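Novice: Okay, handing you the structure first.
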């Protein structure tokens with residue numbers, strides 16, 4: 001069976017706000033982790049797990065489930081928070097992030113936690129893994145789809161483009177990739193380190209269907225994923241433009257927060273801002 005999907009955008013925005021608060025608390029408690037990207041991706045992960053994906057938290061290995069591959073494994077705090085919110089494991093476990101003996105490691109480990117499809121860490125490999133899953137599903141004529149989350153920084157790696165060529169050659173219409181286009185990486189801004197643009201034109205030239213969206217507009221995220229289902233003859237790349245550290249003012253746009261945990265003062269300030277944002281969402285002003 002499939003978890004009942006949530007269509008109410010206001011409710012989804014409130015869940016995303018809760019996830020952001022969970023991520024701030026988790027990384028503060030761990031005293032290490034990747035803040036900006038994890039916080040910036042809350043809207044996309046909530047849209048996927050609350051509306052888009054066919055999945056069943058009570059039966060994580062359901063054969064007909066959609067597969068989700070997280071290539072940029074360092075943003076796993078947001079994945080863990082959404083999995084817990086969806087019912088895969090108790091939310092209390094979120095505070096064990098990166099601690100000795102935890103199931104919530106600094107990069108996801110497939111055999112430790114329900115809902116994790118692949119172990120990830122080395123950037124640039126997730127798309128290749130997702131292609132393998134999509135090819136199996138296509139060969140076996142299954143209806144399930146494969147969704148893959150990638151970072152923009154990992155597009156600087158050759159393996160990403162080899163995989164992009166293969167996915168187009170195999171006509172994997174059951175593969176949807178979402179790129180976190182937040183323009184930062186650990187060393188600075190992507191366009192300073194190794195320019196990536198024009199990304200959309202590059203993927204189109206490789207034979208992909210490309211959609212550009214606002215990665216914080218949940219309705220746009222859902223619509224793009226629905227559009228990808230209607231494309232049968234080629235894989236889809238959704239370029240989601242996001243703000244790193246979205247809704248936490250002192251983290252937004254700052255590459256310095258790529259791999260930096262908040263101090264106690266930072267955490268308290270961030271949670272206060274997110275609580276204020278929650279009120280605006282409830283009042284229909286955000």
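Novice: Normalised by the number of residues in region 9-282, what is the relative contact order in percent for Cα pairs under 8 Å and 6+ residues apart?
Specialist: 25
Novice: Among 95, 194, 179, determine the one that fluctuates most according to a GNM of the chain built with springs between C-alpha atoms less than 10 Å apart.
Specialist: For the chain, modelled as a Gaussian network with Cα springs under 10 Å, the answer is 194.
Novice: Please give the contour-minus-distance gain from residue 102 to residue 265: 0.36 nm per residue of separation, less the Cα-Cα distance, rounded to one decimal in nm.
Specialist: That works out to 56.1 nm of additional length.
Novice: Same structure again: Any idea how far apart residue 136 and residue 191 come out in nm if each label point goes 7 Å out from Cα toward Cβ?
Specialist: Roughly 4.0 nm, to one decimal.
Novice: Taking all pairs of distinct Cα atoms, average 1/r, flip it, and tell me the Kirkwood hydrodynamic radius of region 170-229 in Å to one decimal place.
Specialist: 13.2
Novice: On full extension of the chain, what length is gained from residue 31 through residue 241, given 0.36 nm per residue of separation minus the C-alpha to C-alpha distance?
Specialist: Answer, rounded to one decimal: 72.8 nm.
Novice: Among 80, 147, 28, which comes first, second and so on when ranked by fewest other beta-carbon atoms within 10 Å?
Specialist: Ascending number of Cβ neighbours within 10 Å: 28, 147, 80.
Novice: Order of 62, 257 from fewest to most other C-beta atoms within 10 Å?
Specialist: Going from sparsest to densest Cβ surroundings: 62, 257.
Novice: Then there is this: Return the single residue from 90, 262, 198 with maximal mean-square fluctuation; model: Gaussian network over the chain, springs between Cα atoms under 10 Å.
Specialist: Highest fluctuation among the options: 198.
Novice: By how many degrees, 0 to 90 and rounded to 10, does the Cα axis of helix 218-229 deviate from the longest principal axis of the chain?
Specialist: On a 0 to 90 degree scale, this one is about 20.
Novice: Taking Cα atoms of region 110-174, Rg/Rh with Kirkwood Rh, to two decimals?
Specialist: 0.98
Novice: Now for a separate question. Need one number: nm distance between label points at residue 171 and residue 112, each 7 Å from Cα along Cα→Cβ, rounded to one decimal.
Specialist: Going from the residue 171 label point to the residue 112 one covers 4.2 nm.
Novice: Angle between the Cα long axis of helix 264-282 and the longest principal axis of the chain, 0 to 90 degrees, nearest 10?
Specialist: Roughly 70 degrees between the two axes.
Novice: If we count other beta carbons within 10 Å of each Cβ, what is the order of 139, 96, fewest first?
Specialist: The order, fewest Cβ neighbours first, is 139, 96.
Novice: Tell me what the chain gives for mean residue ellipticity at 222 nm when only DSSP H runs of n ≥ 4 count, each as -39,500 (n - 2.57), the sum divided by the residue total, rounded to 500 deg cm²/dmol.
Specialist: -12000 deg cm²/dmol
Novice: If you line up the Cα atoms of region 19-146 on their principal axes, what length do they span on each, largest first, in Å?
Specialist: Largest to smallest, the principal-axis extents are 45, 29, 28 Å.
Novice: Using 7 Å Cα-to-Cβ label points, what is the residue 219/residue 231 separation (nm, one decimal)?
Specialist: 2.2
Novice: Of all DSSP beta bridges located in region 9-282, what percent are antiparallel, nearest 5?
Specialist: Of those bridges, close to 10 percent are antiparallel.
Novice: Please give the helix 126-139 orientation as an angle from the longest Cα principal axis of the chain, in degrees from 0 to 90, rounded to the nearest 10.
Specialist: On a 0 to 90 degree scale, this one is about 50.
Novice: Shifting gears a bit: Take the chain, connect every pair of alpha-carbon atoms lying under 10 Å apart with a spring to form a Gaussian network, then pick out the residue of 141, 91, 272 with the largest mean-square fluctuation.
Specialist: Evaluated over the chain, the most mobile residue of the options is 141.
Novice: Suppose R0 equals 45 Å. What FRET efficiency, 1/(1 + (r/R0)^6) with r the Cβ-Cβ distance, do residue 11 and residue 162 give to the nearest 0.05?
Specialist: 0.65
Novice: Right, here's the next one. Could you tell me the distance between the Cα centroids of region 176-210 and region 1-35, to the nearest Å?
Specialist: If you average the Cα positions of each part, the centres end up 25 Å apart.
Novice: Further, regarding this structure: Would you mind giving the average projected area, over all directions, of the Cα convex hull of the chain in nm² with one decimal?
Specialist: If you wrap the Cα atoms of the chain in a convex hull and average its projections, you get 13.7 nm².
Bear in mind that the values in this text are calculations on the coordinates, not laboratory data. None of the values given here were measured: they were computed from a predicted structure. For neighbour counting, all protein chains shown are included, and Cβ atoms are generated from backbone atoms with ideal geometry for every residue, glycine included.
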